[in-house]
Amino acid sequence: MNLNSRRQFFAGAAASVAGLAVARSALAGLPEPVIQTSVATAPPLIPTTGRPYNPVVTLNGWTLPWRMNNGVKEFHLVAEPVVREVSPGFKVNMWGYNGQSPGPTIEVVEGDRVRIFVTNKLPEHTTIHWHGQRLPNGMDGVGGLTQRAIPVGKTYVYEFEARRPGTFMYHPHADEMTQMAMGMMGLWVTHPKARHPHISAVDRDFCFLLNAFDVEPGSKTPKINTMTDFNIWCWNSRVFPAIDTLNVRLNDRVRIRIGNLTMTNHPIHLHGHEFLVTGTDGGPTPPGTRWYEVTTDVAVGQMRQIELIADAEGDWAMHCHKSHHTMNAMGHDVPTMIGVDHRGLVGKIQKVAPDYMLMGERGMADMGEMQMPIPDNTAPMMTGSGQFGPLEMGGMFTVFKVRKEQKPGDYSDPGPYRFPAGTMAYEWTGATPQATRPSGSSPAEPAAASAVKPGGKGMAH
Ligand SMILES: [Cu+2]
C-alpha cells in the first residue's frame with residue numbers, strides 16, 4: 001500500500017469511527033512541522049480557517065500555523081536543540097520548539113477542539129504541560145504522573161478543548177529544571193468565542209515570555225544547574241537592544257500579555273501611561289476588581305494581561321524594575337569603586353599592564369559608552385543607544401512607541417521620537433547658588449566628594 005492509498009484508506013476508516021477522538025487522531029497523518037528561522041517579530045497570523053479573532057503579535061516570535069482536520073485544529077510542535085540569537089553576535093545553544101526558543105505562540109478560540117502532535121528530537125525524553133488550561137487529567141503532560149514521558153524520537157498527541165479564554169503557557173514537565181533552563185517554553189492564547197463582558201476588543205495585542213539563562217561570558221550553552229543566579233534576563237530569549245519595540249498608534253487600545261517562566265518575579269514597569277491588569281492566570285478580571293498601575297509584578301509561573309489607551313505620544317521605556325535585570329552578563333567580582341580616588345594610580349599600573357582600565361569610579365555609566373573588551377559570543381553588559389546617546393540598559397528593557405502617524409496594522413518601528421519644541425528637559429545655564437546647610441553637617445567626606453567630581457566642578461570646593 002503506498003502512502004496515498006494508505007491515507008485514503010485511513011480517511012475512510014476514520015469516518016466510520018467518528019466520535020472516537022483518540023482513534024481518529026491516531027489515524028490522521030502528521031501535519032508538516034513548520035520551522036522558524038527568523039528572530040524578528042512576525043506579523044500577526046490572520047486566521048483563514050476556524051472562527052475569526054484578532055490575532056496577537058509575539059515580540060521576536062511567531063504564531064504556529066495549524067491545519068483544520070474535521071473541525072479540529074491540528075498543530076505540530078517539534079522539541080529540538082536550536083541556536084537562538086539572543087542579540088546580534090550572541091548565539092546560545094538552547095532547546096526549543098520548531099527552530100526557536102521560545103517555541104511558537106499557539107492561538108485558538110474558546111471552545112476549539114485542539115490536537116497537538118509533539119515530536120521529541122531532543123537527546124532525552126520530554127513532555128508538554130499546558131500551563132493553566134482546563135483539560136482532561138491525562139492531557140496535563142506531567143511525566144510519570146499523567147503519562148509516560150515522550151521517548152527520544154517519538155511523537156505523542158495531546159488533544160483537548162480550549163475551555164476558557166485567556167493567556168497560557170506551555171513547557172516540559174520532565175527533567176523540567178534542565179529543559180526550562182535550556183529555553184523550552186511557549187505562549188498560548190485562547191481568544192473569546194463571542195463578545196465577553198470582561199474582555200475588550202483591542203487595536204493591538206502583544207505578548208511575550210519572561211525567561212532567563214545562565215550563560216558564562218564567552219560560552220555558548222546555558223548552565224542547567226543554576227537555581228537563582230541567572231545572568232541573561234530575556235523577553236522571549238532576547239535582550240535589549242535586540243528586543244523589538246512595541247509600536248502603536250496614538251489612542252490605540254493596547255493589550256500586553258506577559259508570562260513568567262524565570263525563577264524570580266519581575267515588576268514590569270511602563271512609563272507615561274497607567275494600565276489596568278485585565279487578566280491573570282485565572283482569566284479575565286471582572287472590571288470592578290481592576291485598579292490602575294504603572295508597574296505590575298509578574299510572579300514565577302504567572303501570566304498577566306495589562307491594558308491601556310496609548311494616549312501619550314513618545315518613546316516610552318518599558319522594563320523590569322529590578323535594575324540588575326536590565327543589564328546583561330557581568331562578572332560578580334566587580335568591586336564597588338564609587339568614591340575611590342584612583343587618580344595617579346592608573347598611569348602607574350598601565351606602565352606594567354598597558355590594557356589596564358579603571359571601572360566604576362564615578363558610577364558604571366562609562367560601561368554604556370566605552371567598548372569594553374568582552375569575550376566572544378556575549379552581550380555587552382549595558383548597551384543600546386537612543387538619539388541622545390547610550391541608554392546604559394540591557395536585558396529586560398524595550399520601548400513602547402506611540403505615534404500619531406502609525407497606520408492601523410503597521411507594526412514597523414517608526415524610528416526615534418521627534419520631540420515637540422519646548423517639551424524636553426533642558427540644561428540650566430543660570431547661576432547655581434550654594435546649598436545652605438545646617439551648621440555642623442557636612443555634605444560628604446572631602447576625599448569621596450573630590451572623587452565623585454574629579455573635574456573639580458562639584459560643590460565640594
Ligand atoms: Cu526582572
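Please treat every number below as a calculation from the coordinates, not as lab data. Predicted, not measured: the structure shown is a model, and the values here were computed from it. Positions of Cβ are generated from backbone atoms using ideal geometry, with glycine treated the same way; all protein chains shown enter the neighbour counts.
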_Nonlocal amide H pairs with TRP130, under 5 Å, H built at 1.01 Å_ = none
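Using the count of nearby Cβ atoms within 10 Å as a rough guide to exposure, how do ARG113, ARG304 rank from fewest to most? Each step should come with its number before you reach the end.
Values: ARG113 16, ARG304 22.
Taking fewest neighbouring Cβ atoms as first place, the list is ARG113, ARG304.
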*May I ask you to sort SER101, SER87, SER323, SER219 by Cβ crowding, counting other Cβ atoms within 10 Å and putting the fewest first?*
SER323, SER219, SER87, SER101
*Please list, or write none, the aspartates and glutamates whose alpha carbon is within less than 14 Å of the alpha carbon of LYS73, excluding same-chain residues fewer than 8 places away.*
GLU32, GLU107, GLU110, ASP112, GLU159, GLU161
*Could you give the length gained on full extension between LYS351 and THR289, defined as 0.36 nm per residue of separation minus the Cα-Cα distance, in nm?*
15.7 nm
*Expressed as a whole number of Å, what is the distance separating the alpha-carbon centroids of region 109-130 and region 256-290?*
26
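Might you report the magnitude of the Cβ-based charge dipole of region 100-160 about its Cα centre, with Lys and Arg at +1 and Asp and Glu at -1, to the nearest 20 debye?
Values: 6 positive and 6 negative charges, 47 e Å.
Approximately 220 debye in magnitude.
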*asked:* At a 10 Å Cβ-Cβ cut-off, how would you order THR63, THR37, THR105, THR228, fewest neighbours first?
replied: THR37, THR228, THR63, THR105
*Which of the residue pairs LYS91/LYS154; LYS220/LYS407; LYS154/LYS220; LYS220/LYS322; LYS91/LYS322; LYS91/LYS404 have a Cα-Cα distance greater than 31 Å in the structure shown?*
LYS220/LYS407; LYS91/LYS404
*Amide H neighbours of GLY29 under 5 Å, at least 5 residues apart or on other chains, H built in the peptide plane: list them.*
none
*Taking θ as phi - 60°, what are the ³J(HN,Hα) couplings along region 223-228 by the Karplus curve (6.51, -1.76, 1.60), each to the nearest whole Hz, with x for Gly and Pro?*
7, 8, 9, 6, 9, 10
*asked:* Counting other C-beta atoms within 10 Å, and keeping those with at most 15, which DSSP coil chymotrypsin sites (Phe, Trp or Tyr not before Pro) do you find in region 381-426?
replied: PHE388, TYR426
*Across all directions of projection, what mean area in square nanometres is found for the Cα convex hull of region 32-200?*
9.9
*What is the list of residues in region 207-234 whose amide nitrogen lies under 11 Å from a point 7 angstrom out from the Cα of THR178, following Cα to Cβ?*
224-225
*Please turn the phi angles of region 73-87 into ³J(HN,Hα) values with the Karplus equation 6.51 cos²θ - 1.76 cosθ + 1.60 (θ = phi - 60°), one per residue in order, whole Hz, x for glycine and proline.*
7, 10, 10, 10, 9, 10, 7, 7, x, 9, 10, 9, 7, 6, 7
*Karplus couplings for region 177-183 from phi (6.51 cos²θ - 1.76 cosθ + 1.60, θ = phi - 60°), rounded to Hz, Gly and Pro as x?*
4, 5, 5, 6, 4, 8, x
*Quote the relative contact order of region 32-200 in percent (integer), defining contacts as alpha-carbon pairs under 8 Å separated by 6+ residues.*
22
